[in-house]
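Chemist: Sharing a structure, written as structure tokens. Questions coming.
The values are calculated or read from the model by the stated rules, or taken from the named source; none is laboratory data. It should be emphasised that the depicted structure is a prediction, and the values quoted were computed from it without experimental measurement. Don't worry about glycine lacking a Cβ; one is built from the backbone with ideal geometry, like all the others, and counts go over all protein chains shown.
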Amino acid sequence: MKEKISIYNSLSRKKETLKPIVKDYIGMYVCGPTVYGDPHLGHARPAITFDVVYRYLKWCGYKVRYVRNITDAGHLENDAEEGEDKITKKARLEQLEPMEVAHLYTLSYHRAMKLLNCQSPSIEPRATGHIIEQIEMIKKIMKNDFAYEKNGSVYLDVNKYNQHYPYGILSGRNLEDTLTGTRELDRQSEKNSPVDFAIWKKASKEHIMKWASPWGEGFPGWHMECSAMSEKYLGKTFDIHGGGMDLVFPHHEAEIAQSNACNKCMPVNYWMHNNMITIDGKKMGKSLGNFINLEEFFTGDHKKLNKAYSPMTIRFFILQAHYRSTLDFGNDALQAAEKGCAKLMEAITTLNQLHPVAESSFNVAEIKQECIDAINDDFNTPILLANLFEGVKIINSIKDGKATINNTDLEKLKKIYQDFAIDILGLNVMEENNDDLTDDVMGIILLLRKNAKENKDFNTADLIRDELDKKGIQIKDTREGSSWGIKK
């Protein structure tokens, strides 16, 4: 089975039928996190988006090599070329070694991905583990006369590059527009042009994370790691490169330039970018007070959250929107996703309890084809979910005795929901059911504690709170009532 999958290619800005370059596997590279803080909703969207792509390609019978990197060095503040490394800054503030910070938040990211039921990639390389490969790539770029060294730093010469390859092919920016936007901001007089970007940076004496190179002690530019690691594990040209839309420029544009300058060929056939998540119509940011990490979603421990939300609710919420559309968070939207997810999970449980009869009163094949058509249309998960909910109506009508299904069709229908809801969309039926049971039990406990407080039996109320705290469950009392969450 090799389905004809239509992908919206950010490079060509149109849908194209996926044609794998390498015959024996599809190569897919996705930009992973910079590990200097707990994972948040913005990390969840690309992880879930490309988890679905990975799952579906494998379901279609393809062998997939899925590479997702970990950035643990070289990413400076505000995506700039000056300032402090994000991980080093976090290490200084928390009085830790930089690698302690990287390890701590890599583990936090992995825990969140597991809760969201995202499958592990085939390979998860780290920037610090591939310094040699990055240095070798820089050497080749310099040998091809597309980069120059100044005072221990190496810069890609964008003007010279643009004479041979179109700079801005992915983002749609031309060089003159880029020059206009960078002249005023540029204070790096050692660069030949404001648009040139660092592929190796000289490290100051205070800089902790640095390595020996032919140009002196320093560290690779943020963009260099993805070019070097994708080439190592997927080859000079591979099939799919994914990431958030915020990475189109400068990160992915720089990757194209680096790979062309080194290997004289385009690195990627299909560029896929998920859109942003906003909160109340605003970009998520700590300065706006609307930054919510995934742990806070799972515990409900944030002023903008009315309650805790299960990982499957978060996954369902993200899948409700097409990956290329903006997704706005709000408690109402999440609660609607929670109800929708519960309804779908309940229907799957009901489906597995149905009893067949001699005849069917509907066409199962049509349901399957509609699901395939939706996912083949640029991974259109909201349409796929809509088709699955049309099937929920049929399941409930069979349950209520208003429709019938024979044994063959029943097994086919079970397989449709197993394939599309569980295996491809990654919705975990058992986890959602367990979460519902836990919520019910905790609701009873909070009610008992509320009654104790109303009867002024504060010893019992405090005992319930303290015993739950010992078990890692935190009770939060507010004017609106009490809520619970798992302690960090």
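Chemist: Within segment 217-311, which strands (runs of 3 or more DSSP E) (wholly inside it) include 2 or more residues that are within 24 Å of residue 197 (Cβ to Cβ)? Before you say what the answer is, go through the steps one by one.
Modeler: Details: elements: 218-220, 238-244, 268-274, 277-279.
Counting at least 2 such residues, we get 218-220, 238-244, 268-274.
Chemist: Which members of segment 390-403 meet the condition of being surrounded by fewer than 17 Cβ atoms within 10 Å (Cβ to Cβ) and out of contact with any helix residue (DSSP H, G or I) (no Cβ under 6 Å at 6 or more places or on another chain)?
Modeler: Answer for segment 390-403, where residues must be surrounded by fewer than 17 Cβ atoms within 10 Å (Cβ to Cβ) and out of contact with any helix residue (DSSP H, G or I) (no Cβ under 6 Å at 6 or more places or on another chain): 390, 393, 396, 397, 400, 401, 402.
Chemist: Then there is this: Select from segment 348-389 the residues that are in a loop (DSSP other than H, G, I, E, B) and among the small types (Gly, Ala, Ser) and write down the one among them that is surrounded by the most Cβ atoms within 10 Å (Cβ to Cβ).
Modeler: First, the residues of segment 348-389 that are in a loop (DSSP other than H, G, I, E, B): 352-356, 358-363, 378-380.
With among the small types (Gly, Ala, Ser) added as a condition, the list becomes 358, 360-361.
Working: 358: 8, 360: 20, 361: 14.
Here the answer is 360.
Chemist: Looking at the structure I just gave you, is residue 370 modelled with pLDDT of 95 or more, on the phi < 0 side of the Ramachandran plot and among the charged types (D, E, K, R)? Give the derivation first.
Modeler: Working: modelled with pLDDT of 95 or more: yes; on the phi < 0 side of the Ramachandran plot: yes; among the charged types (D, E, K, R): yes.
The answer is yes for residue 370.
Chemist: Give segment 423-473 a look and list any residue that's modelled with pLDDT of 80 or more, of a type in the set (Asp, Glu) and loosely packed, with under 13 Cβ neighbours inside 10 Å, or say none.
Modeler: 454, 466, 467, 469
Chemist: Of all the residues that make up segment 34-66, how many are in a loop (DSSP other than H, G, I, E, B) and crowded, with 24+ Cβ neighbours inside 10 Å?
Modeler: Kept after step one, since they are in a loop (DSSP other than H, G, I, E, B), are these residues of segment 34-66: 35-39, 60-63.
Next, from what is left, pick out any that are crowded, with 24+ Cβ neighbours inside 10 Å: 35.
Total meeting the criteria: 1.
Chemist: Separate question: Can you tell me which residues in segment 133-180 are within 25 Å of residue 219 (Cα to Cα) and of a type in the set (Gly, Ala, Ser)?
Modeler: 147, 152, 153
Condition check ((1) at pLDDT 90 or above; (2) under 21 Å from residue 222 (Cα atoms); (3) of a type in the set (Gly, Ala, Ser)) across all residues:
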residue	(1), (2), (3)
25	yes, no, no
29	yes, yes, no
34	yes, yes, no
66	yes, yes, no
72	yes, yes, no
75	no, yes, no
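Chemist: Within segment 129-183, track down each residue that is under 13 Å from residue 214 (Cα atoms) and not in a helix (DSSP H, G or I).
Modeler: 148, 149, 150, 151, 152, 153, 154, listed by residue number.
Chemist: Something else about it: Filter segment 229-272 down to the residues that are over 21 Å from residue 50 (Cα atoms) and of a type in the set (Gly, Ala, Ser) and list them by number.
Modeler: 254, 257, 259, 261
Chemist: Okay, next question. Among the residues of segment 67-102, how many are touching a residue at least 40 places away in the same chain (Cβ under 8 Å) and either outside the structural domain of residue 191 (by TED's automatic domain parsing) or in a helix (DSSP H, G or I) (or both)?
Modeler: 10
Chemist: Which members of segment 25-52 meet the condition of being within 17 Å of residue 251 (Cα to Cα) and hydroxyl-bearing (Ser, Thr, Tyr)?
Modeler: Correct list: 29, 34.
Chemist: Here's a follow-up. So residue 164 clears everything in (1) over 30 Å from residue 299 (Cβ atoms); (2) in contact with a strand residue (DSSP E or B) (Cβ under 9 Å, 6 or more places away or on another chain); (3) not aromatic (Phe, Trp, Tyr) except one condition, right? Which one?
Modeler: (2)
Chemist: Quick one: in segment 199-216, of everything that is part of a loop (DSSP other than H, G, I, E, B) and touching a residue at least 60 places away in the same chain (Cβ under 8 Å), which residue is nearest to residue 124 (Cα to Cα)? Talk me through it step by step, then tell me what you get.
Modeler: Filtering segment 199-216 for residues part of a loop (DSSP other than H, G, I, E, B) gives 203-210, 212-216.
Those still in the list that are touching a residue at least 60 places away in the same chain (Cβ under 8 Å) too: 207-209, 213-216.
Numbers: 207: 26, 208: 24, 209: 20, 213: 24, 214: 27, 215: 28, 216: 28 Å.
Restricting to residues being part of a loop (DSSP other than H, G, I, E, B) and touching a residue at least 60 places away in the same chain (Cβ under 8 Å), the top hit is 209.
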